[in-house]
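See structure below.
The values are calculated or read from the model by the stated rules, or taken from the named source; none is laboratory data. This structure is a prediction, so every number in the text was calculated from the model and none was measured. No Cβ is skipped: glycine too gets one built from the backbone with ideal geometry, and neighbour counts run over all protein chains shown. Quick note on the areas: whole protein, heavy atoms, side chains included, nothing else; ligands and nucleic acids left out. Shrake-Rupley method; radii C 1.70, N 1.55, O 1.52, S 1.80 Å.
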Amino acid sequence: MIEQTLVLIKPDGVQRGLIGEILKRFEQRGLKIVGMKMVQASANQATEHYGEEIAEKYGKKVLDYLVDFVTSTPVIAIVIQGSSAIATVRKIVGATYPGEADLGTIRGDFNHTSKVYAKKNDQGHNLIHASESEEAAKRELALWFSIDEIHDYKLSHEEHIL
Ligand code: ADP
């Protein structure tokens, strides 16, 4: 099924000059970028994005930390479209904690912290956000993009990669 999903290159990805490297991972897999922009998120937007789910899962302290981190400098917001895009993008991104992410995934390949360090201090700095489910993708896309910022177009080589 053709799906759309939201990816954010978080402030650490932008600061480390990894925007191009990260985009390449999705493009080379044949996924299509149908929306993209740089956004300085407000605390309200970041709180709405991570919302109660993160507070419930990890506690309020982690939510506050994440909101501060994600709003510290701009992020790149991307709409990615493709066959099973939600699960495929999550696979390309890798496990939540960089020190535990497999090599070959974005979080694994660009992790430069030791496992111990990553576990203790650096859990939020994992370069990317990617929607977890169809429901999350729908909610998050509406939070970051207006309809006219998502483009319906064909790539000239599309019939060869789908
Ligand atoms: P994912 O981003 O892989 O879907 P989650 O939805 O579980 O992972 O968590 C959302 C984000 O919360 C993570 O990407 C990470 O940036 C941050 N995070 C998770 N656990 C912690 C933690 N213990 N301390 C700080 N940030 C955390």
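Evaluating 6.51 cos²θ - 1.76 cosθ + 1.60 at θ = phi - 60° for every residue in the range 126-135, the Karplus couplings come out as 10, 6, 9, 10, 9, 3, 8, 8, 4, 5 Hz, glycine and proline recorded as x.
Taking the average, over residues, of other Cβ atoms within 10 Å as the packing measure, peptides 134-147, 3-16 rank 3-16, 134-147 from highest down.
Probing with 1.4 Å while keeping every protein chain in the model, the per residue accessible area of the range 9-101 equals 49 Å².
Calculate, in nm to one decimal, what Tyr58 and Ala95 gain on full extension: separation in residues at 0.36 nm each, minus their alpha carbon distance.
Going from the current span to full extension adds 11.7 nm.
For the set Lys10/Lys57; Lys24/Lys57; Lys37/Lys61; Lys57/Lys91; Lys24/Lys154, the pairs lying more than 25 angstrom apart at their alpha carbons are Lys24/Lys57; Lys37/Lys61. With a 1.4 Å probe and every protein chain kept in, tell me what percent of the accessible surface of the range 1-96 is carbon plus sulfur. Ligands and nucleic acids excluded, carbon and sulfur give 52 percent. Equivalent ellipsoid of the chain: semi-axes from √(5λ) of the C-alpha gyration tensor, largest first, are 25, 19, 14 Å. Couplings for the range 52-67, taken from phi via the Karplus curve 6.51 cos²θ - 1.76 cosθ + 1.60 with θ = phi - 60°, read 5, 4, 6, 4, 5, 6, 10, x, 5, 4, 5, 4, 4, 4, 5, 4 Hz in order; Gly and Pro are left as x.
In this structure, the amide hydrogen of Met36, modeled 1.01 Å from its nitrogen in the peptide plane, lies closer than 5 angstrom to those of Val79, counting only residues at least 5 positions away or on a different chain. Karplus-based coupling profile of the range 39-44, in residue order and whole Hz: 9, 8, 6, 7, 4, 4, with θ = phi - 60° in 6.51 cos²θ - 1.76 cosθ + 1.60 and x standing for Gly or Pro. Amide H contacts of Glu132: Ala137, each under 5 Å away and 5 or more positions distant or on a separate chain (H built 1.01 Å from N in the peptide plane; Pro and chain starts excluded).
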